[in-house]
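Input: a single structure, listed below in structure tokens.
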2 protein chains.
Amino acid sequence: MNKPIILFGGQSYEHEISIVSAIALYQALTSQCVFVFLSGDRRFYLIDLMDMKADYFASGRYKKAPELFLARGGFVRKGFFGYAPIDGDEVVNVSHGADGEDGKLAALFEFYGVRYVGPRLEASVLSFNKHYTKFLASAAGVKTLPYEIIKRGDKIKTPCPFILKPLRLGSSIGISVVKSEADLPFALDAAFEFDNEAIVEPFITNVREYNLAGCFAGGEWKLSIIEEPKKREVLDFDQKYLDFTRDKKPAAAALPVGVAESMRETFKRVYNHGFAGSLIRCDFFVIDGEVVLNEINPIPGSLANYLFDNYEEIINALIASLPERRDITVTYNYIHSIRSAKGKL
Amino acid sequence: MNKPIILFGGQSYEHEISIVSAIALYQALTSQCVFVFLSGDRRFYLIDLMDMKADYFASGRYKKAPELFLARGGFVRKGFFGYAPIDGDEVVNVSHGADGEDGKLAALFEFYGVRYVGPRLEASVLSFNKHYTKFLASAAGVKTLPYEIIKRGDKIKTPCPFILKPLRLGSSIGISVVKSEADLPFALDAAFEFDNEAIVEPFITNVREYNLAGCFAGGEWKLSIIEEPKKREVLDFDQKYLDFTRDKKPAAAALPVGVAESMRETFKRVYNHGFAGSLIRCDFFVIDGEVVLNEINPIPGSLANYLFDNYEEIINALIASLPERRDITVTYNYIHSIRSAKGKL
């Protein structure tokens, strides 16, 4: 039986959300796991299960936990006889936002040969940047809202009402609905506090929004129910935060069969564009009966465990069917051949 | 005076090219540098200047060099009193292909807070994948050839002659010109040996190809001459390999002033889409007087030193004006506020 390493934290605006996510997973999973925390200054710590409480991190007490280092093959810990691997197997990445979702951790895992659940490097970079997500959707043949990308000082062409988001953040941070010109200065400040670029999309009043999570694991699709999340205009940080920790599975949304089927097909098209190895959540709009991709969450809050019945089975199936790395064997054929043709190089 | 760390090698099909590149830089740069080699099994080694010869690597003798480790702040080396930083400053990334150009090393440097010359994470991922390069070009308003992306077994719609390339490789590896159906089986085998996806583009007979390298450093554009590289139909590996080591600056291509100016403007548009901090080379076609982007080389062979007169100045200016990291300070405001609202979390 494998012992997954749940990795959370990171240098990101979603650091706290990641802590809450990991605690929710700690409560949801019955199998033995190891918890590794990535602090805001990018040190790894091995966390005792007894310490999986938000205040342990907020108070800074985690600094007394054993520090870990990432080395070839996985996490190591300093012992009497040098550095030794920790007791744990595949990493499950629940570091939301920067570090975890922007591709940095994926790159580290690839580089050091660590098997992990989570978006791969390309998928991370594309889904972390809302502009590139549009490209990905377009390549996958999936419809999204029209948009424009702006920098500070650019004139916005989209008419009000519109929604303004920092280009590279999740969890609703820095997002505003601009109903009239008067809302704009605050919205711009909020967005540009977090990024140098922002995306503008039309805000559609009373649009229905739906969440669908899932993965392809063990040779088959494991899709969640489709949830229609309760919302205010935009889910804010506090609300999402509390949302992850709920313990009741929501009811499936009442959707016409055709629309639900189309949403599942759209999910699969997105997932097939690079998300193998991860459990993602897609947020969709339904506009005039048509499914429109709003966002891809490649590491959804608490890994969307509350949307599934047999969650633990799914995570285990995913771990058992992670994409194989395509290792490259380096040779020196050219240097040898040129050397023999040219004499000593 | 800074002492740059030239990093080369990596687990990639272009491992050997990177070695030749680094040797060319060793010969071209007069200022003091440190050379760090990344072996095919992803160990870092500190290379003595006397050992900067291709055979030192091809023979495996590098394994006796001191091993380095990447830690917070930079490379460290084991000494009598634990691990100590090596004597060197910013990294100059000349690891071509996977690891160096696919975003893995960029991610490591960002994560560990290492200042470096080379493409950033997003720019790496986008330029390494020839499909995403099309997206980047389209976002930058830059013209490219029409294309299709294929997997093994897909029917190709583009009529012959066309050029078939693995989706994620540089240095002409696995590239074929398919003049008629008869060439296809070999071309497919060649491309799919290196990737699971390939890109098909029309092959334009007698098209003129041009290289332009440069960067934005010290507040101004530093652009190379425009070179029209000598070529057979497609530059092959051996030819490129030898090309990096040449020591004569080529003549500037004879181009109408307007076309040359348009090429420089196109270069800047590409560069401004995420390449700050790197010195890149763009390969262009000129078709009916119009500039068309063929490829972006975010780490060109031997960093294109042979295309510049005042190369060392440019590299130093680039090092002195690297993009600032946008470090995030993690706070625990939400956990504290929720904790006080809800009682102990």
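I'd like the residue in the stretch A:175-234 that is among the aromatic types (Phe, Trp, Tyr) and touching a residue at least 60 places away in the same chain (Cβ under 8 Å) and, out of all such residues, is farthest from A:Ala276 (Cα to Cα). Selected residue: A:Phe194. Residues in the stretch A:168-177: is at least one assigned to a strand (DSSP E or B) and either out of contact with any strand residue (DSSP E or B) (no Cβ under 9 Å at 6 or more places or on another chain) or not assigned by TED's automatic domain parsing to the domain that holds A:Arg269 (or both)? Yes, some residue in the stretch A:168-177 is assigned to a strand (DSSP E or B) and either out of contact with any strand residue (DSSP E or B) (no Cβ under 9 Å at 6 or more places or on another chain) or not assigned by TED's automatic domain parsing to the domain that holds A:Arg269 (or both). Restricting the stretch A:80-99 to residues that are free of Cβ contacts under 8 Å to residues at least 24 places away in the same chain and within 14 Å of chain B (Cβ to nearest Cβ) leaves a set whose member that is most open to solvent (accessible area, probe 1.4 Å) is A:Tyr83.
Among the residues examined, B:Phe192 does not qualify as among the aromatic types (Phe, Trp, Tyr) and within 21 Å of B:Val207 (Cβ to Cβ).
Being more than 8 Å from every other protein chain (Cβ to nearest Cβ) and open to solvent by 10 Å² or more (accessible area, probe 1.4 Å) is a description that does not apply to B:Leu38. Could you grab me the full set of residues in the stretch A:311-345 that are at pLDDT 90 or above and over 25 Å from B:Leu169 (Cβ atoms)? Listed by number, the residues that qualify are A:Tyr311, A:Glu312, A:Glu313, A:Ile314, A:Ile315, A:Asn316, A:Ala317, A:Leu318, A:Ile319, A:Ala320, A:Ser321. Here is a check on your reading of the model: is B:Phe285 more than 14 Å from chain A (Cβ to nearest Cβ), modelled with pLDDT of 95 or more and under 23 Å from B:Phe203 (Cα atoms)? Answer is yes for this residue. If the condition is being more than 8 Å from chain B (Cβ to nearest Cβ), of a type outside the set (A, V, I, L, M, F, W, C) and not in a loop (DSSP other than H, G, I, E, B), then the stretch A:100-116 contributes only A:Tyr116.
Hey, does the stretch B:141-160 have a residue that's closer than 25 Å to B:Ser95 by Cβ, touching a strand residue (DSSP E or B) at 6+ places or on another chain (Cβ under 6 Å) and modelled with pLDDT of 95 or more? Before you say what the answer is, go through the steps one by one.
Restricting attention to the stretch B:141-160, the residues satisfying the condition of being closer than 25 Å to B:Ser95 by Cβ are none.
Checked against the condition, which is being closer than 25 Å to B:Ser95 by Cβ, touching a strand residue (DSSP E or B) at 6+ places or on another chain (Cβ under 6 Å) and modelled with pLDDT of 95 or more, the stretch B:141-160 yields no hits at all.
The single condition among (1) in contact with a helix residue (DSSP H, G or I) (Cβ under 7 Å, 6 or more places away or on another chain); (2) farther than 30 Å from B:Tyr334 by Cα that A:Gly113 does not satisfy is (1).
Check whether at least one residue in the stretch A:150-157 is in the same structural domain as A:Ile287 (by TED's automatic domain parsing) and of a type in the set (Gly, Ala, Ser), and report yes or no. Within the stretch A:150-157, none of the residues are in the same structural domain as A:Ile287 (by TED's automatic domain parsing) and of a type in the set (Gly, Ala, Ser).
Is at least one residue of the stretch B:126-136 farther than 26 Å from B:Glu324 by Cβ, open to solvent by less than 20 Å² (accessible area, probe 1.4 Å) and within 12 Å of the chain's Cα centre (by Cα)? Within the stretch B:126-136, one or more residues are farther than 26 Å from B:Glu324 by Cβ, open to solvent by less than 20 Å² (accessible area, probe 1.4 Å) and within 12 Å of the chain's Cα centre (by Cα). Summed over the stretch A:290-310, residues that are surrounded by fewer than 16 Cβ atoms within 10 Å (Cβ to Cβ) and modelled with pLDDT of 95 or more total 1. For the stretch B:2-21, a residue qualifies if it is in contact with a helix residue (DSSP H, G or I) (Cβ under 9 Å, 6 or more places away or on another chain), more than 13 Å from chain A (Cβ to nearest Cβ) and outside any strand (DSSP E or B), and the qualifying residues are B:Asn2, B:Pro4. Residues of the stretch A:22-35 that are open to solvent by less than 10 Å² (accessible area, probe 1.4 Å), more than 14 Å from chain B (Cβ to nearest Cβ) and among the aliphatic types (A, V, I, L, M): A:Leu25 alone.
Tell me which residues, restricted to the stretch A:304-317, are touching a residue at least 60 places away in the same chain (Cβ under 8 Å) and within 15 Å of A:Ala217 (Cα to Cα). Talk me through it step by step, then tell me what you get.
Quick first cut of the stretch A:304-317, residues touching a residue at least 60 places away in the same chain (Cβ under 8 Å) only: A:304-309, A:311-312, A:314-317.
Listed by number, the residues that qualify are A:Phe308, A:Tyr311, A:Glu312, A:Ile314, A:Ile315, A:Asn316, A:Ala317.
Counting the residues of the stretch A:1-21 that are open to solvent by less than 20 Å² (accessible area, probe 1.4 Å) and within 17 Å of A:Ile314 (Cα to Cα) gives 3. For the stretch B:255-273, the count of residues that are open to solvent by less than 70 Å² (accessible area, probe 1.4 Å), under 30 Å from A:Tyr332 (Cβ atoms) and at pLDDT 85 or above is zero.
Sort through B:Ile175, B:Ile163 and tell me the only one that's under 17 Å from B:Phe285 (Cβ atoms), at pLDDT below 95 and open to solvent by less than 60 Å² (accessible area, probe 1.4 Å). Spell out the reasoning first.
Details: B:Ile163 fails: at pLDDT below 95.
Answer to the check: B:Ile175.
Return yes or no: is A:Arg281 of a type in the set (Lys, Arg) and buried (at least 20 other Cβ atoms within 10 Å of the Cβ)? So A:Arg281 fits the description; yes. Per the listing A:Ala217, A:Ala187, the residue uniquely in contact with a Ser or Thr (Cβ under 7 Å, 6 or more places away or on another chain), among the small types (Gly, Ala, Ser) and within 29 Å of A:Pro256 (Cβ to Cβ) is A:Ala217. All conditions but one from (1) open to solvent by 10 Å² or more (accessible area, probe 1.4 Å); (2) in contact with a strand residue (DSSP E or B) (Cβ under 8 Å, 6 or more places away or on another chain) apply to B:Asp55; the one that does not is (2). For the stretch A:35-67, the tally of residues that are farther than 21 Å from A:Glu101 by Cβ and in a strand (DSSP E or B) stands at 2.
Annotation note: Cβ proximity below 7 Å between a residue of the stretch A:47-76 that is more than 11 Å from chain B (Cβ to nearest Cβ) and more than 19 Å from B:Phe111 (Cα to Cα) and a residue that is basic (Lys, Arg) and not in a loop (DSSP other than H, G, I, E, B) (sequence gap 6+ or interchain) occurs for A:Pro66/A:Arg77. Under the condition of being within 12 Å of another protein chain (Cβ to nearest Cβ) and not in a loop (DSSP other than H, G, I, E, B), the residues counted in the stretch B:130-153 number 13.
Among the residues of the stretch A:117-129, just one is part of a helix (DSSP H, G or I), within 15 Å of A:Arg168 (Cβ to Cβ) and within 7 Å of chain B (Cβ to nearest Cβ), namely A:Val125.
The values are calculated or read from the model by the stated rules, or taken from the named source; none is laboratory data. Predicted, not measured: the structure shown is a model, and the values here were computed from it. Here the Cβ is made from the backbone with ideal geometry for all residues, glycine too, and neighbour counts use every protein chain on show. All accessible areas refer to the heavy atoms of the entire protein, side chains included, with ligands and DNA or RNA removed. Shrake-Rupley method; radii C 1.70, N 1.55, O 1.52, S 1.80 Å.
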